[in-house]
Amino acid sequence: MIQIQNTLVSLDLVERYFCCDLDVCKGACCLEGDSGAPLAPGEADTIREILPEIWDDLLPAAQREIEANGVSFRDIEGDEVTSLVDGGNCVFSTLDEKGGWICAIERAYRHGRIGFYKPVSCHLYPVRLKEFDTFTAVNFHRWKICKAAEVLGRAKGIRAYRFLEGPLRRRFGDAWYEELVITLDEYLRQYGGDNAVD
């Protein structure tokens with residue numbers, strides 16, 4: 001772990017390669033998992049505000065779930081997460097033109113229809129955050145459905161912390177990210193950064 005301001009950052013962010021390969025995974029992270037996507041404070045309210053703008057993009061089963069139970073719920077750990085369709089895919093997952101899964105919120109943002117990108121936890125993935133009283137742990141979550149992303153990242157030479165620049169800046173700010181880059185670049189110079197074991 002490396003300390004950056006009030007965070008402890010896993011060395012996996014520098015030792016692991018990562019670059020999403022949607023052609024291979026087809027957006028499986030929208031479908032699989034133990035719960036919905038974790039929501040930061042206020043994100044559920046934001047989603048409710050933009051819901052009319054994305055409503056027609058949602059699958060009929062997702063619309064029925066939202067009408068019955070809302071956009072979010074509390075999971076077994078008490079965290080607020082996005083609602084799921086029959087306990088499976090996120091209600092905001094929808095099919096793209098190629099038959100893969102995509103976030104309806106992100107697609108509306110990319111088309112300029114809304115100003116909210118998507119939940120920050122989704123944007124950050126494969127980073128997962130754990131909040132403690134005095135610091136935030138910034139961890140790298142390995143998941144079999146993202147193996148293709150690690151393979152592509154290695155082929156392209158893209159380290160996880162470089163691939164995740166946008167979401168990390170969004171969550172922690174520019175000053176934090178610049179400090180992270182300086183620290184992890186120095187780590188690579190000293191240690192090579194290929195110490196992770198598959």
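The values are calculated or read from the model by the stated rules, or taken from the named source; none is laboratory data. This one's a predicted model, so the numbers in the text were calculated from it and none came from an experiment. Cβ: placed from backbone, ideal geometry, glycine included. Neighbour counts: every protein chain shown. Please note that ligands, DNA and RNA were not included when accessible areas were found on the heavy atoms of the full protein model with its side chains. Shrake-Rupley method; radii C 1.70, N 1.55, O 1.52, S 1.80 Å.
Tell me the per residue accessible area of the chain using a 1.4 Å probe; a whole number in Å² is fine.
54
At q = 0.19 Å⁻¹, what log₁₀ I(q)/I(0) does the stretch 1-101 have when each alpha carbon counts as one equal point scatterer in the Debye sum?
Log10 I(q)/I(0), no solvent term: -1.02.
Once you've got the GNM for the chain with C-alpha springs shorter than 10 Å, pick whichever of Tyr125, Tyr109, Tyr161 has the biggest mean-square fluctuation.
Tyr109
What percentage of the solvent-accessible surface of the chain, computed with a 1.4 Å probe over protein heavy atoms, is contributed by carbon and sulfur atoms?
50
Once you have all Cα-Cα distances for the stretch 72-169, histogram them in 10 Å bins from zero and send the whole-percent values.
Whole-percent P(r) values from 0 Å outward: 12, 36, 41, 11, 0.
Compute the FRET efficiency between Gln63 and Asp96 as 1/(1 + (r/R0)^6), taking r as their Cβ-Cβ distance and R0 = 30 Å, and round to the nearest 0.05.
Values: r = 18 Å, r/R0 = 0.61.
Taking R0 as 30 Å, the efficiency between Gln63 and Asp96 is 0.95.
At q = 0.11, 0.13, 0.18, 0.19 Å⁻¹, what is the base-10 log of I(q)/I(0) for the chain according to the Debye formula with one equal point scatterer per Cα and no solvent? Please give it to two decimals.
Here log10 of I(q) over I(0) equals -0.54, -0.75, -1.32, -1.41.
In the chain, how many lysine pairs have Cα atoms under 24 Å apart, counting only pairs 8 or more places apart or on different chains?
Lysine pairs satisfying the spacing and distance rule in the chain number 16.
Where does the charge balance sit around Ser10 when Lys and Arg score +1, Asp and Glu -1, over other residues with C-beta under 14 Å from its C-beta?
Result for the local shell: +3.
So how strong a dipole does the chain carry about its Cα centre when Lys and Arg Cβ are +1 and Asp and Glu Cβ are -1, to the nearest 20 debye?
The dipole magnitude comes to about 540 debye.
Any chance you could run the full-extension gain for Arg169 through Val24? It's 0.36 nm times the residue separation minus the Cα-Cα distance, nm to one decimal.
Using 0.36 nm per residue and subtracting the Cα-Cα distance, I get 49.5 nm.
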